[in-house]
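J.: One structure is given below, represented as C-alpha cells, and several questions about it will come after.
The values are calculated or read from the model by the stated rules, or taken from the named source; none is laboratory data. All figures in this text were calculated on a predicted structure; none of them were measured in a lab. Reconstructed Cβ throughout: ideal geometry from the backbone, glycine too, with neighbour counts over all protein chains shown. The accessibility values were calculated without ligands, DNA or RNA, using every heavy atom of the protein model including side chains. Shrake-Rupley method; radii C 1.70, N 1.55, O 1.52, S 1.80 Å.
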Amino acid sequence: MEQILEAIQSGASGDDIANLPIPESYRAAFVKRDEAAMFEGVDSWDKDPRRSLHVDEVRTPELAPDEVYIAVMASSINFNTVWTSIFEPVSTFGFLDRLARESEFAKRHQRDEHIVGSDASGVVLRVGAAVRNWKPGDRVTVQCNHVDDQDPTAHDDSMLAANQRIWGFETNFGGLADLSVVKANQLMPKPTHLTWEESAVNGLCSSTSYRMLVSDNAARMKQGDSVLIWGATGGIGGYAVQYVLNGGGTPIGVVSSPERAEILNRMGCEAVIDRKAANYRFWSDEHTQDESEWRRFGKDIRAVNNGEDVDIVFEHPGRSTMGASVFAAKRGGTIVTCAATSGYMVEFDNRHFWMKLKKLVSSHFANYAESWAANKLLCEGKIQPLLTDTYALEQVGEAALAVHHNEAEGKLGVLCLSPEAGLGIDDPERRATIGEDKITVFRS
C-alpha cells in the first residue's frame with residue numbers, strides 16, 4: 001500500500017498504477033464474528049464502538065468481473081457503522097451469510113471479520129474484465145447501493161431490487177480501509193475542487209437526502225415548498241437544508257442548541273426551531289403521547305413559516321418525533337422518512353393523518369441515477385460537504401462513539417490511505433471561485 005500511495009501522490013499515470021501489484025492484505029476497520037454477543041445485556045447508549053471496532057490487516061479478496069479495486073484515501077462515519085459496531089438491532093454477520101448463498105463470488109463476503117464503512121473517496125487500481133466506464137488512475141467517490149443488475153427487480157428503481165444491499169453494512173469489504181472492492185456501478189467522479197476527506201463524506205447522506213426530497217421516488221419537492229427538517233445540522237439534515245434552498249424552497253430547521261442554529265443561519269436557513277430551548281415533551285410517559293405538545297410545536301412552526309403548516313416533513317428520528325411530524329404536516333402534505341434513530345416502533349394519531357389526506361412516504365438511500373445527480377451538484381459546487389472533523393483510521397472507534405452519542409455536527413471524515421488532511425484538490429481555481437467559506441461552513 002505504501003507503493004500505491006507513493007504513486008498516487010506523485011501523479012503516476014493510469015498505466016503505471018495499473019502495473020502496481022495488488023497487496024495480499026491491507027489495513028481495515030472491522031468487527032469480529034466471535035464478539036457479536038459482547039454487548040448482551042448492556043444498554044444501547046453504553047455500548048462502546050471503541051471495544052468492538054478493530055484496525056488490523058485483512059486478506060485481500062479476489063476481484064469479480066464487474067468490480068474494481070480502489071485505494072481508499074478517505075472514508076466517513078455513518079449511523080450504519082455505529083449499528084454494526086454495537087451489533088444492534090442485529091449482528092450484521094447474518095447479512096454476510098445470506099449474501100454468501102447467492103453466488104460463488106458472493107461467498108467471499110462470508111468471513112469472520114466484517115470490514116465496515118459505506119463511504120469512500122479514492123483511486124481506481126484495477127478493473128474487472130466486465131468493467132467498461134472506469135480505468136486505473138480514475139479519482140472516484142463511491143455510492144453504497146450494492147445491487148445485482150441481473151435481477152429483473154433492479155431495472156425500474158434499483159432500490160426496489162430483491163437483493164439490494166448497502167455496501168459496507170450488508171456486504172463486506174467496506175470503505176473504512178486502505179483498499180476496497182466495489183461494483184463498477186457504485187463509482188462516481190470525485191469533485192475536483194474538494195479534498196479526499198471532503199469528497200468522502202457525501203455519498204451516503206447527500207444521496208439519501210436527494211432521494212427523500214428531490215426525486216420522483218419520494219417527496220417530489222417543488223419550488224416554494226416549506227420543509228421541516230429534523231436534525232438539520234446532522235448528516236442527512238444538513239444536506240436536506242441545502243437541497244431545499246437550492247430547489248427554491250423554505251427550510252425550517254429543528255436543532256438542539258443556539259450554536260447549531262447559528263450554523264443553519266450561516267448556511268442561509270433563516271427559520272430555525274431550538275427544540276431543547278422549547279423543551280417539547282411529545283411523550284408524557286413511555287406509552288402516551290401529548291397532543292397539546294404537538295399543537296405547541298405546530299404553533300412554533302407557523303410562527304417562523306408565515307403562519308402556515310409545512311408542505312413536507314423530513315423525518316428520521318422515528319419513535320420520538322413521528323407523532324409530531326404527522327401532526328405538523330399541512331392538509332395534503334407529505335411526511336418522508338428514511339430511518340428511526342430513536343426507535344423504529346412509531347405511533348401517530350391516524351385521525352390527523354387520514355382526515356387531512358396526508359401522505360407518509362418511505363425512502364431508503366438512493367439508486368445510481370439519484371446518487372449520480374446528487375454527486376453532480378457537489379461537483380458543480382451547488383451543494384457543499386458537511387465535514388466537521390477528521391480522524392485517523394486508528395481512531396475509528398472514537399469517531400463512531402461520537403456519532404453514537406450525537407456529539408458531532410455534520411459528518412466525520414476518516415483518513416485511510418491519505419497521510420494527512422487537505423490533500424487531493426485537483427482544481428484550486430474552482431475551489432476559490434466557489435469560496436472556502438462555503439465549502440467549510442461546518443468547520444467555521
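J.: Quick one: what pairs do we get from the range 332-345, first residue of a type outside the set (Val, Ile, Thr), second part of a strand (DSSP E or B), C-beta under 6 Å, 6+ apart or different chains?
T.: Short answer, once both residue conditions are applied: 333/311.
J.: So, one more: Out of the range 143-181, which residues are touching a residue at least 12 places away in the same chain (Cβ under 8 Å), open to solvent by 10 Å² or more (accessible area, probe 1.4 Å) and of a type in the set (Ser, Thr, Tyr)?
T.: 158
J.: Name the residues in the range 230-254 that are over 12 Å from the mean Cα position of the chain (by Cα) and among the β-branched types (Val, Ile, Thr), would you?
T.: Listed by number, the residues that qualify are 233, 241, 244, 250, 252, 254.
J.: Also, I was wondering about something else. Can you list residue pairs whose Cβ atoms sit under 6 Å apart, with the first residue in the range 237-248 being more than 11 Å from residue 264 (Cα to Cα) and the second being at pLDDT 95 or above and among the aromatic types (Phe, Trp, Tyr)? Count only pairs 6 or more apart in sequence or on different chains.
T.: These pairs meet every condition: 240/314.
J.: Let me ask something additional. Out of 373, 369, report the one residue that is within 22 Å of residue 202 (Cβ to Cβ), in contact (Cβ under 8 Å) with a residue 24 or more places away in the chain and not hydroxyl-bearing (Ser, Thr, Tyr).
T.: Criteria check complete, one pass: 373.
J.: Within the range 383-393, take every residue that is touching a Lys or Arg at 6+ places or on another chain (Cβ under 9 Å) and either assigned to a helix (DSSP H, G or I) or in contact (Cβ under 8 Å) with a residue 60 or more places away in the chain (or both) and give me the one that is nearest to residue 87 (Cα to Cα). Walk me through how you get there before you give the answer.
T.: Quick first cut of the range 383-393, residues touching a Lys or Arg at 6+ places or on another chain (Cβ under 9 Å) only: 384-389, 393.
After this cut, where a residue has to be either assigned to a helix (DSSP H, G or I) or in contact (Cβ under 8 Å) with a residue 60 or more places away in the chain (or both) as well, the list is 384-387, 393.
Values: 384: 32, 385: 29, 386: 27, 387: 26, 393: 20 Å.
Only one residue fits best here, namely 393.
J.: Which number in (1) at pLDDT 95 or above; (2) farther than 20 Å from residue 360 by Cβ marks the one condition that residue 222 misses?
T.: Result: residue 222 fails condition (2) only.
J.: Among the residues of the range 409-444, how many are small (Gly, Ala, Ser), open to solvent by 40 Å² or more (accessible area, probe 1.4 Å) and not in a helix (DSSP H, G or I)?
T.: 3
J.: Pick from the range 398-408 the residues that are touching a helix residue (DSSP H, G or I) at 6+ places or on another chain (Cβ under 6 Å) and open to solvent by 10 Å² or more (accessible area, probe 1.4 Å): which of them is farthest from residue 85 (Cα to Cα)?
T.: 408
J.: Ok, one more. What are the residues in the range 182-225 that are assigned to a strand (DSSP E or B) and open to solvent by 10 Å² or more (accessible area, probe 1.4 Å), if any?
T.: Once the filter is applied, which keeps residues that are assigned to a strand (DSSP E or B) and open to solvent by 10 Å² or more (accessible area, probe 1.4 Å), the range 182-225 yields 183, 189.
J.: A further question follows. Quick one: how many residues across the range 354-367 are open to solvent by less than 70 Å² (accessible area, probe 1.4 Å) and hydroxyl-bearing (Ser, Thr, Tyr)? Step through it out loud before you land on a result.
T.: Step one: of the range 354-367, the residues open to solvent by less than 70 Å² (accessible area, probe 1.4 Å) are 358, 361, 363, 365-367.
Filter once more, keeping what is hydroxyl-bearing (Ser, Thr, Tyr): 363.
Matching residues across the range 354-367 total 1.
J.: If you go through the range 52-68 one residue at a time, how many are surrounded by 15 or more Cβ atoms within 10 Å (Cβ to Cβ) and outside any strand (DSSP E or B)?
T.: So the first thing to find is which residues in the range 52-68 are surrounded by 15 or more Cβ atoms within 10 Å (Cβ to Cβ), and the list is 52-55, 58, 60-61, 63-64, 66-68.
Retained after the next criterion (residues that are outside any strand (DSSP E or B)): 52-53, 60-61, 63-64, 66.
Total meeting the criteria: 7.
J.: Based on what the data block shows, is residue 168 within 20 Å of residue 121 (Cβ to Cβ) and touching a Phe, Trp or Tyr at 6+ places or on another chain (Cβ under 7 Å)? Write out each step before concluding.
T.: Values: within 20 Å of residue 121 (Cβ to Cβ): yes; touching a Phe, Trp or Tyr at 6+ places or on another chain (Cβ under 7 Å): no.
Judged against the criteria, residue 168 is not a match.
J.: Taking the range 330-363 as the search range and keeping residues that are within 22 Å of residue 220 (Cβ to Cβ) and assigned to a loop (DSSP other than H, G, I, E, B), which one is farthest from the chain's Cα centre (by Cα)?
T.: Looking at residues that are within 22 Å of residue 220 (Cβ to Cβ) and assigned to a loop (DSSP other than H, G, I, E, B), I get 356.
J.: Restricting attention to the range 315-353, which residues are among the charged types (D, E, K, R) and open to solvent by 20 Å² or more (accessible area, probe 1.4 Å)?
T.: 319, 330, 331, 347, 349, 351
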